[in-house]
Each structure stands twice: as structure tokens, then as C-alpha cells.
Amino acid sequence: MAAEGKTIDALSQFELAPALGPIGASVNFTQSNLFMLIAAGLILALMHYGMRPAAVVPGRLQALAETFHEFARNLVVEQVGPEGRRFFPFVFTLFMFILFGNMLGLLPFAFTFTSHIAVTFTLAMIVFVLITVVAVSLHGKKFLGYFFPEGAPIWLAPIIIPVEIVSYLSRPVSLSIRLFANMVAGHVMLKVFATFVVLLGGLGAVGPFIAVLPLAVNVALVGFEVLVAFLQAYVFAILTCIYLHDAVHLH
Amino acid sequence: MDTRDGFDERLRKARERQGLDRGTSRQGALPGAAAIGFRAGVEVVSALIVGVGIGWLLDRWLGTFPWLFLVFFLIGGAAGVLNVYRLFNPRTRPGAPPDAGAEAGSKDGSRTGGGRGQDD
């Protein structure tokens, strides 16, 4: 697929195709949905089989499960405060789903479902609706004060209020674009350099020697993408926590 | 462990001679700067998208094509600048709860204190 017709085809990896044969085709079950299910299944398996021994001295799987759990819990408690602990299941689910989606996408033949703006925007809208509902239910009418800072001169209200509203509404957009753009950029770069390897490799006698250069770049890029995959899941989770902090404390 | 005596010092000198420290520090600074730049860009772009979207929809509804679009384009730009400003200076408010004031540090995660003592 990479070097068909000697062109660089970096975007076809994001195309959706029906999965699971005719049954999947008839209900529009794509490989994106399939990998979401795989990610969810892997998370459940990790948590179930990892925590089943519940040993005082954890084994490898249990240590992994506990590390993720503790990481997310510290994130929530540090960012939102102790009263934010009730949001832990939400943030943990979100973090694990995005992390596994990003990481699964790096495996060969896998599909990165976080590289679709539809998916990331849906996740961001869930966060956005949650923070708005939390803020309104905790603070009621005082939530509207969020859009007009105390002490600002009243004649500035026609400027400040629309700007604050647009700024608030841009949260889910920036949240989703950040994750989506990072994933797409990383996978396009991987594909482009992988295509270079194939194209240069077929360049006669010297080809294979030149092809080592893009191959080396790709090796470095894969390592970098692992970092980005983790970092973007972390950024998504921490921004969710910061927004939750704003919603709970309203400032 | 006597072989380790002065090892750090010798390593530091050797690294200095080879110019390695400067290289690593520059490498360490670059992703951070790029990441901050990328975040700021995303904030501005997303605020502009929202502003332009609202303006365009209102225009289509009210039939006043270019005007609300232009107004909300400017508002979106201002919101983008506000987002970038908040990226570096998270807002605090006089009426905020006392624990929140202590917690409100930098927006990208260097916020410490607060609920930390609540760990089991």
C-alpha cells in the first residue's frame, strides 16, 4: 500500500474499512470500532487479570495495573483536589482508553482510532458536557459569573462576555484538535519515511545503502511516537482535570 | 566504592570538554519550546474556529452575511489570545476558595500541594 505506483500515499492509512466481513459491512462496523473494542477489552483484561491475585507484593501485571491506577488517581487528586476523587473513574477510563488507542495504533497493521477528529471530538464533548453540568449543578446561577470576572468595569461587558464564551467553547475544540493532530502527524511521518525506505531501496545497487538513512529516522520516530502516544493521553487527562478543577472551584 | 570517588567530577569535566552538556541541554529545551508553541497555536486556532463558526451560523440565520462573521472573527481572535494568556497565567479570583488559591500554579501540571496530604 505504501509505494503503489511510486507515490507517497500517507493518508490512506486513515481510511475506514468494514471489519468482521459481511456482518460488519451491513452494520457499518469499521476497523476503528474493532480497535476501540480491542482497547476496551485489553483494559478490562489488564485490570481483571492484573488485580485478581491482589497480592501484597505485586507481580508484573498487577504492578502495571496499580501503576496506571495510582498515576491517574494522583493526577485527579493533585489537580482537582481531594473532593475531585469522585471524578476518578471518569478520568481513569478516559486516560486508559486514549492511551491504549494511541499505543495500539503503533502496532503494525493496527488502526489508530484516536487519529479521527470524530472520535477525539466526541471524547472532548463528553468532557465538555460533564464540566458544564458539574459547574451548573454545583454553583447554579453563579456559573454565569464565570464569563464576567469580578471587578471588571461594566462597560467592558459587551466585549468580555462574548470573548469569554468563545474561549470557553473553544475548550473541546482545542482538546480534540491537539490529540488528533499529534496522532495524524506522527503516523503520516512514519508512513512517509517508510515509503522512502521502499522507494530508495529499489534504486539499483546503491539504493539499499541510502535506504538505511530513512530507516534510521523511522526507528527514532517510532520511539518518539511511543512518547507522544503516552504524552497526549496524559495531556488529555490533565486538561480534563484542570477543567474539572475550574468547574468545581469556579474561578 | 572507592572507584567512584571523583567519578562525577571527572565525568562532568569530560562532558564539558566534549561539549556534550550544551548539546543535551539544547535538546532538552527544544521539545519543550516546540510543545508550548504547538499548544499556543492549537489554542488560537480552536478559538478562531469557534468564533468563525458562531459568526457564520448567526449570519446564515439572520441573513447578514459578512458582518457578524467579521465581528465573531475578531472575538475569536481575542479569545485565542486570552487562551494563550491563560496558558501561562491561570486565572485566580479574589472570591476563590482558600485552598484553590494555594493550588493555582502553572496550568500545565506543575500545580502541587492542595490535596496531596489527603493520600492514604
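The values are calculated or read from the model by the stated rules, or taken from the named source; none is laboratory data. Because the structure is a prediction, the values reported are computed rather than measured. Counting neighbours? That spans all protein chains shown, and the Cβs are built from the backbone with ideal geometry, glycine included. Ligands, DNA and RNA are excluded from the accessible area calculation, which covers all protein heavy atoms including side chains. Shrake-Rupley method; radii C 1.70, N 1.55, O 1.52, S 1.80 Å.
Just a few scattered comments:
- Unmet criterion (only one of (1) more than 19 Å from the chain's Cα centre (by Cα); (2) surrounded by fewer than 18 Cβ atoms within 10 Å (Cβ to Cβ); (3) touching a residue at least 12 places away in the same chain (Cβ under 8 Å)) for A:LEU106: (1)
- Of the residues making up the range A:138-159, those that are over 23 Å from B:GLY51 (Cα atoms), modelled with pLDDT of 85 or more and open to solvent by 90 Å² or more (accessible area, probe 1.4 Å) are A:LYS141, A:LYS142.
- Check on B:GLY6, on the phi > 0 side of the Ramachandran plot and either modelled with pLDDT of 80 or more or surrounded by 11 or more Cβ atoms within 10 Å (Cβ to Cβ) (or both): no
- Helices (runs of 4 or more DSSP H) enclosed by the range A:1-103 - at least 1 residues per element that are under 30 Å from A:LEU130 (Cβ atoms) and under 18 Å from the mean Cα position of the chain (by Cα): A:31-51, A:60-80
- Some residue of the range A:179-189 being more than 18 Å from B:ARG39 (Cβ to Cβ) and either open to solvent by less than 60 Å² (accessible area, probe 1.4 Å) or within 9 Å of another protein chain (Cβ to nearest Cβ) (or both): yes
- Residues located in the range A:47-87, provided they are touching a helix residue (DSSP H, G or I) at 6+ places or on another chain (Cβ under 8 Å), open to solvent by 30 Å² or more (accessible area, probe 1.4 Å) and within 12 Å of chain B (Cβ to nearest Cβ): A:ARG73, A:GLU78, A:PRO82, A:GLU83, A:ARG85
- A single member of A:ALA157, A:ALA194 is away from every other protein chain (no Cβ under 14 Å) and either assigned to a helix (DSSP H, G or I) or in contact with a strand residue (DSSP E or B) (Cβ under 8 Å, 6 or more places away or on another chain) (or both), and it is A:ALA194.
- Residues within the range A:209-239 that are open to solvent by 70 Å² or more (accessible area, probe 1.4 Å) and without any contact (Cβ under 8 Å) to a residue 60 or more places away in the chain, tallied: 8
- Criterion (under 27 Å from A:SER32 (Cα atoms) and in contact (Cβ under 8 Å) with a residue 12 or more places away in the chain) met by exactly one of A:SER170, A:SER115: A:SER115
- Cβ pairs under 8 Å, 6+ apart, first in the range A:143-164 and in contact (Cβ under 8 Å) with a residue 12 or more places away in the chain and among the acidic types (Asp, Glu), second part of a helix (DSSP H, G or I) and surrounded by 14 or more Cβ atoms within 10 Å (Cβ to Cβ): A:GLU164/A:TYR146; A:GLU164/A:PHE147; A:GLU164/B:ALA79; A:GLU164/B:LEU82
- For A:ARG171, the requirement of being of a type outside the set (Gly, Ala, Ser), buried (at least 16 other Cβ atoms within 10 Å of the Cβ) and under 24 Å from A:ARG86 (Cα atoms) is met.
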